[in-house]
Amino acid sequence: MRVWGAIVVGILCVLIGALWFLQGVGVVGGSFMSGSKLWLFIGLVVLLAGGALVRTGLRARHRA
């Protein structure tokens, strides 16, 4: 069950990180985060951390 939790949380982090990254770049507008380099970097970090979490969860799932 922990493996599925890690995968789900990782996917959510990837999606949220991608949104924040796109807002930081200025692709998605309508927010105080739009065009801000701070949110570009925060989004990138969350995106990469979520990808690592998904990858770790998938590896653990295949081993079990």
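What follows draws every value from the coordinates through simple rules; no lab data is involved. Since the model is a prediction, treat every value here as computed from it, not as a measurement. Cβ placement follows ideal geometry from the backbone for every residue including glycine, while neighbour counts extend to all protein chains displayed.
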Residue 30 passes all but one of (1) of a type in the set (Gly, Ala, Ser); (2) touching a Ser or Thr at 6+ places or on another chain (Cβ under 9 Å); (3) not in a helix (DSSP H, G or I); which number fails? (2)
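The rows are residues; the columns are (1) among the aromatic types (Phe, Trp, Tyr); (2) exposed (fewer than 13 other Cβ atoms within 10 Å of the Cβ); (3) free of Cβ contacts under 8 Å to residues at least 24 places away in the same chain.
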{"position": "16", "(1), (2), (3)": "no, no, no"}
{"position": "22", "(1), (2), (3)": "no, no, yes"}
{"position": "39", "(1), (2), (3)": "yes, no, yes"}
{"position": "60", "(1), (2), (3)": "no, no, no"}
Considering region 1-14 alone, what residues qualify as being over 12 Å from residue 44 (Cβ atoms), surrounded by 17 or more Cβ atoms within 10 Å (Cβ to Cβ) and of a type in the set (Val, Ile, Thr)? 7
